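For reference, the structure is listed below as structure tokens.
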Amino acid sequence: MKNKITQNLGFFLLFFSIITTLFFLGAIIYFISVNGLKVINWEFLTQVPRKGMTEGGIAPAIVGTFYLTFGAILFSLPLGLACAIYLCEYSPKSYVVNIIRMSINNLAGVPSVVFGLFGLTVFVKFFGFGVSILSGSLTLGIMVLPQIISASQEALLAVPQSYREASLALGATHWQTTKKMVVPAALPGILTGVILSIGRVAGETAPILFTAATYYTRGYPDSVFSEVMALPYHIYALMTEGTHPEKQTEIAYGCSLVLLILVLLVSTLAIVLRQRQRGEL
Amino acid sequence: MNNEVKIKAKNVNFYYGNKQVLENIDLEFYQNRVSALIGPSGCGKSTFIRLFNRMNDLISNTRMEGKIYLDNIDINGKNVDVVKIRRLVGMVFQKPNPFPKTIYENVSYGLEVNGIKDKKSIEEKVIESLDRAALWREVKDRLHDSALGLSGGQQQRLCIARCLAVEPEVILFDEPCASLDPISTRSIEELILELKKYYTIVIVTHNMQQAARISDFTAFLYLGELIEFGPTEKLFTVPKEKTTEEYLTGKFG
């Protein structure tokens, strides 16, 4: 009898934890939607801001976030995948490689604002890219690199050894085996890593604070050396600067909702791609 | 019956780290014959045949001593291309391991990695290989479906077809029927008997009846040592060694 009570209590606690988590998720979505939907309309999504941010839309910020995210993934995916392939498929299992692995994991723990400062020093100043899409993308790309490497590594490790053996036994070289067999088999897992990275990149403020973002642009960026508006930074700016706090708060909620939906859309797209990939096999 | 030596192992020792798993093995396998390796699990049978296509190279912290010759070429020699050896010595594994690709791609893969580009000749070779592996009739209408949808026995025959496509001279079977039902096992055995016309076949098996049914020669390995080798009929009816007799009669195993 006592065991049964303990068991029920245990289950209740576990269930309660889930409810608590879902409650916060629901609350966030509810508040952002209720407050954000008020300002969202066609004009809000397609126009440039006007009258000190109190009127017009946030289109340049949406475009800017898109560019920054795209640029960051474009930079970090090939580099990260190459690192992961080397670490999993080629490097001998040695002391040095273990240190490399540990270092990459440590890189993942560096606070994002530190990446921002690094980007400012290296890309903005040293390479002279200025505050620009290029600097911001590179900074975001480096920030998300460890995540892409470890996701890719896990995906590669999950490919059964028997596939590698079968391929080699047919007279394929190590490189052919990696390129034609292992990486394609790991692709769904790698895509999952990319999905998570996209969400992170699109939402980060600190790395673009000094490297890419600006409070207000009249139009759209015309090259990779333009500074851009970006949704997360725009939210920050709306809440901390300007002269019409009330109006700006509303717009900030609108921006948040747009950012949330954008990230969800991209993730859904990637999930669909991944499922299709799996379905084909 | 003229037996021509195809593979020769000479004084082979093999170690996992400090643990010796093969001890001083001398053995010859003949062209167009089926040779079976029998013995209790853990006796080193699989480790031994994996030396013939240098599959053990993939396992770190292992060491081999002695020589292995394929047509009098030392396959571990300095100037020998391991990729070429693996093309000449095909392998079918214990668990069917088709690639997560279509049936067609599973067979064409080996051709593509070996540099064949012409679509027409790839297609002909795929059909020929599936036919030789006695699978063509079952899969001809679904060549572009996933290989993972095939039954275990069909998957194993696909693995054999995949292996045949690259035109090896030797085929190593590492307990090919271990995870198959009796009917699939029978079809694989019939296939092996058919294939021996064209290839040199070495099969590791747990199943003594299987060895008796399909092999011309049998080697009995016990605790990493070669106890006895000879024509299957002789080894099964009048074994020379006491250990062989005890194993065959089920005193241990």
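Every number in this text was worked out from the coordinates using simple rules, so none of it is lab data. As the structure is a computational prediction, the values presented were derived from the model and not from experiment. When we count neighbours, we look across all protein chains shown, and the Cβ atoms used for this are built from the backbone with ideal geometry, even at glycine.
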For this session: Calculate how large, on average over all directions, the projected area of the Cα convex hull of the protein assembly as shown is; give the answer in nm² to one decimal.
Result: 36.3
Problem set entry | Per-selection Kirkwood Rh - chain B (Cα, Å, 1 d.p.) | 18.8
For this session: Assuming 1.567 mPa s and 4 °C, estimate D for region B:80-126 with Stokes-Einstein, Rh taken as the Kirkwood radius over Cα pairs, in µm²/s.
Result: 107
Problem set entry | Three principal axis lengths of chain A [C-alpha, angstrom, descending] | 69, 69, 37
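Take the alpha carbon gyration tensor of region A:1-60, find the square roots of its eigenvalues, order them as a ≥ b ≥ c, and report rounded if a/c is under 1.5; if not, report prolate when a/b exceeds b/c, else oblate.
On the way: a/c = 6.56, a/b = 6.43, b/c = 1.02.
Taking the square roots of the gyration eigenvalues as a ≥ b ≥ c, region A:1-60 is prolate.
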Seminar exercise, completed: With +1 on the Cβ of every Lys and Arg and -1 on the Cβ of every Asp and Glu, the dipole magnitude of the protein assembly as shown about its Cα centre, in debye rounded to the nearest 20, is 400
Problem set entry | Karplus 3J(HN,Hα) series, Hz, for region A:249-265 with 6.51 cos²θ - 1.76 cosθ + 1.60 (x for Gly, Pro) | 4, 4, 5, 4, 4, x, 4, 4, 5, 4, 4, 4, 5, 4, 4, 4, 4
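About the Cα centre of region A:88-239, what is the dipole size in debye to 20, counting +1 per Lys and Arg Cβ and -1 per Asp and Glu Cβ, all else neutral? Don't skip to the end; give the middle numbers.
On the way: 8 positive and 6 negative charges, 41 e Å.
Using Cβ point charges on Lys, Arg, Asp and Glu, region A:88-239 gives about 200 debye.
Dividing the alpha-carbon radius of gyration of region A:36-145 by 2.2 N^0.38 Å (N being the number of residues), what value is obtained? Let's see the in-between values first.
Values: Rg = 19.1 Å, N = 110, 2.2 N^0.38 = 13.1 Å.
It is 1.45.
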For this session: Using the Kirkwood radius over Cα pairs, work out the Stokes-Einstein diffusion coefficient for region B:1-77 at 10 °C and 1.306 mPa s, in µm²/s as a whole number.
Result: 121
Seminar exercise, completed: Spelling it out for A:G56: with amide H atoms placed in the peptide plane at 1.01 Å from N, the residues 5 or more places away or on another chain with amide H under 5 Å from its amide H are A:R50
For this session: Select from region B:91-198 those trypsin sites (Lys or Arg not before Pro) which occupy a DSSP coil region and have at most 12 other Cβ atoms within 10 Å, ordered by residue number.
Result: B:K117, B:K140, B:K197
For this session: Give me the percent of DSSP beta bridges within chain B that run antiparallel, rounded to the nearest 5.
Result: 60
Exercise. Given the protein assembly as shown, what percent of its DSSP beta bridges are antiparallel, to the nearest 5?
Worked result: 60
Problem set entry | From phi via Karplus (6.51, -1.76, 1.60), per-residue ³J(HN,Hα) for region B:109-115 in Hz, x at Gly/Pro | 3, x, 5, 5, 5, 8, x
Exercise. So which trypsin sites (Lys or Arg not before Pro) in region A:173-281 are both in a DSSP loop and have at most 12 other Cβ atoms within 10 Å of their Cβ?
Worked result: A:R218
Problem set entry | Share of alpha-carbon pairs per 10 Å distance bin for region B:99-245, given as whole % | 11, 37, 30, 15, 7, 1
For this session: Mind checking B:99-109 for the average number of partner chain beta-carbons within 10 Å of each residue's beta-carbon?
Result: 3
Exercise. Just the C-alpha atoms of region A:82-145: what Rg/Rh do they give, with Rh taken as the Kirkwood radius?
Worked result: 1.10
For this session: Mind checking which of A:V110, A:F31, A:F16 is farthest towards the positive end of chain A's charge dipole, using Cβ charges of +1 (Lys, Arg) and -1 (Asp, Glu) about the Cα centre?
Result: A:F16
